[in-house]
Amino acid sequence: MSKVSIGSNTFVQTMGSVSEPLVLNGEPLVRVRTESGNLLVTAKLFDASGATILTIDDNELKYNTEIWDVEFISDRLVVREAHRKVIAKIVFYPPDSITVERAYFAHEGLSVQVTAREILYRTKSGKLSLSGNKILDIPYPRGVVLTDEHHEVGNSPAAINLPVRIG
């Protein structure tokens with residue numbers, strides 16, 4: 001079993017060993033799998049400009065050394081781009097859960113911001129906010145999938161599949 005919270009959205013996977021709670025333009029930006037009862041996290045985080053600042057590959061942390069501060073203490077990973085300016089925060093709850101409290105995710109022109117309350121997609125004409133969704137026992141591997149008009153939705157079923165327009 002795995003439980004991933006992104007903003008106030010929660011995804012619980014008990015069927016199968018792989019879950020992709022957040023996918024942008026076909027790219028899983030948060031992926032978890034269980035192996036021998038342990039949760040293995042793979043994620044890619046960005047700054048507000050869309051530059052990759054940190055990756056996690058099966059729990060192995062790699063980050064851009066130009067970032068002002070990366071702090072991993074106990075169960076919390078905090079990334080700051082300046083004094084008191086947190087751009088990412090992930091809390092780990094071993095052996096089977098994580099919570100993304102703050103982050104930016106991007107892929108091929110599409111980006112979202114995660115706050116403690118929501119997953120937020122902004123356009124020039126407005127915004128789309130996803131909050132408070134509880135997806136339990138999803139019988140398919142993907143949670144929230146956002147796809148722009150330049151990409152295919154793909155064949156993997158998702159709990160929330162949102163086609164969006166850029167601009």
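Using only the alpha-carbon atoms of segment 55-167 as identical scatterers, what base-10 log of I(q)/I(0) does the Debye formula give at q = 0.23 Å⁻¹? Log-scaled intensity ratios, in q order: -1.43. Distance between the C-alpha centers of segment 94-129 and segment 27-48? Whole Å please. Distance between centres, Cα-based: 15 Å.
Looking at segment 15-167, the accessible area is 55 square angstrom per residue; that uses a 1.4 Å probe and ignores ligands, DNA and RNA. To put it simply, the accessible area of the chain at a 1.4 Å probe is 47 percent carbon and sulfur.
Relative contact order for the chain: what percent, with Cα pairs under 8 Å and sequence separation of 6 or more?
Dividing the mean separation by the residue count of the chain yields 26 percent.
Out of every Cα-Cα pair that segment 105-167 contains, those further apart than 16 angstrom amount to 50 percent.
The values are calculated or read from the model by the stated rules, or taken from the named source; none is laboratory data. In this text, all values refer to a predicted model and were calculated from it rather than measured experimentally. The area values use the complete protein model at the heavy-atom level, side chains included, leaving out ligands, DNA and RNA. Shrake-Rupley method; radii C 1.70, N 1.55, O 1.52, S 1.80 Å.
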